[in-house]
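The values are calculated or read from the model by the stated rules, or taken from the named source; none is laboratory data. The structure displayed is predicted, hence computed values, not measured ones. Using ideal geometry, Cβ is built from the backbone for each residue, glycine included, and neighbour counts are taken over all protein chains shown. SASA here: full protein model, heavy atoms, side chains in, ligands and nucleic acids out. Shrake-Rupley method; radii C 1.70, N 1.55, O 1.52, S 1.80 Å.
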Amino acid sequence: MSLFDGVPEGPTVSSKGLPQAVAGAPLAERMRPRTLEEYSGQEHLLGPGKPLRVQIDRDDPGSMIFWGPPGVGKTMHSRTILFVDEIHRFNKAQQDAFLPYVERGTIRLIGATTENPSFEIISALLSRCRVYVLQPLSEERIVSLLRRAVEDSERGLGNLHLTVDDEALELMATYSSGDCRNAYNTLEVAAQLALEGEKHIDKALASEAIQQRVLMYDKSGEEHYNLISALHKSVRNSDPDAALYWLARMFAAGEDPLYLARRVVRMAVEDIGLAAPEALNLCLSAKETIDFLGSPEGDLALAEAVVYLCLAPKSNSVYLAYGAVQQEIEHTRQEPVPLHLRNAPTRLMKELDYGKGYRYAHDEEGRVADMDCLPDSLRGRSYYHPTQEGREKLLAQRMEEIRKIRASKRGGS
């Protein structure tokens, strides 16, 4: 049952002193801004002289897309010809249907979305709309809005005569993750609980009302990719504290542990490489631990792997070398395998010089033969350039030894 169920219509209050602004409406709906003066936040768009404010003042908004996280006020604009909330839920064909009317100016389209318009809105429609990016509300601003709701007797909770500790409002704001709607919902639950007691909301009661923290996260949306990018780049930058934070954020949001394990294995291959080749085995072991123990016990194994990757020496030399080879293959002619590298299991193949000139490295001094293994057109190409980091420094030394052995057999220096 809602906090306001059963309250009669008109400017009256319930037996518990609850305001009747809109019968059955939640606090977040009742506190929706009615004017620009009541709107809080987004000064970069609505401040004096800012682009959206200028358009509104001129009464010429045009078509636009509001892109921002939940609960920041995307849907409070009412003077529109066509307003489409969650426009990213419209498929391509449905979005195409808007296009001719927007082009002719028959409608002014205003869309709101929590997803990146670059991915979710068709390019033809997006090019005809101005995109405004809304920012999450700060904790200080949400505290101010909650305080206004507590004191507002017309639409808020003022007639309840509640007392609320600042610490309680700050906790609600923190746990809202920038979503004012969620903060209002938490305050409304806290008000219900307070009415059963001394009409006082303290930090403990706020904690009880929160129940579960709202994480700004969508496993199929942009924030999913933002967080995994933050984790990967923290590892690459050797920052274990940041890496643990982003890993824990993703676990707390319900991310698939095996997805995280796969990405961590990729980090070991891409950014650690041969500077610390044991890192790959550690990450694969963490994946096996997750399979064996599950969450949350297995999560710690992945956390250990992430910290190790942060502190391990870094090398992307193999990653770069392999990429260079792929580019070579894509942009050059596919050369045949040199004859001396081909096997010759039949008499005919031997007559065609398959295997002729091949030199068995184990029979050569230094276990290195003076023999080219690339096609003739690519002879002398160098793709792999080891770093001086970690164990790869030893590989660099070995490559120099091999170069000197080959040079000596060719009579070079």
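Here are the numbers for the structure shown:
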{"quantity": "Semi-axes of the equivalent ellipsoid for region 95-151, Cα gyration tensor, largest first, Å", "calculated": "34, 14, 8"}
{"quantity": "T346 accessible area, assembled protein chains, probe 1.4 Å, Å²", "calculated": "60"}
{"quantity": "Amide H contacts of V84 (H built 1.01 Å from N, under 5 Å, at least 5 apart or other chain)", "calculated": "I110, G111, A112"}
{"quantity": "Percent RCO, i.e. relative contact order, over region 308-409, from Cα pairs under 8 Å lying at least 6 residues apart", "calculated": "32"}
{"quantity": "Longest to shortest principal axis, alpha-carbon extents of region 229-279, angstrom", "calculated": "33, 21, 16"}
{"quantity": "Percent breakdown of C-alpha pair distances by 20 Å bin, ordered from the shortest bin, for the chain", "calculated": "19, 35, 28, 13, 5, 0"}
{"quantity": "Isotropically averaged projected area of region 277-413, using the convex hull of Cα atoms (one quarter of hull area), nm²", "calculated": "13.0"}
{"quantity": "Other-chain or far-sequence residues with amide H under 5 Å of G355's (modelled H)", "calculated": "H340, L341, R342"}
{"quantity": "Over 28 Å between alpha carbons, listed pairs K287/K314; K92/K287; K356/K393; K233/K287", "calculated": "K92/K287; K356/K393"}
{"quantity": "Formal net charge of residues neighbouring L125 (Cβ-Cβ distance under 11 Å; K, R +1; D, E -1)", "calculated": "-1"}
{"quantity": "Per residue value of the accessible surface for the chain (all protein chains in place, 1.4 Å probe), Å²", "calculated": "57"}
{"quantity": "Per-selection Kirkwood Rh - region 104-199 (Cα, Å, 1 d.p.)", "calculated": "15.9"}
{"quantity": "Q55 paired with Y319, simple spin-label distance in nm, labels 7 Å along Cα-to-beta-carbon", "calculated": "3.9"}
{"quantity": "Relative contact order %, the chain, counting alpha carbon pairs below 8 Å whose residues are six or more apart", "calculated": "11"}
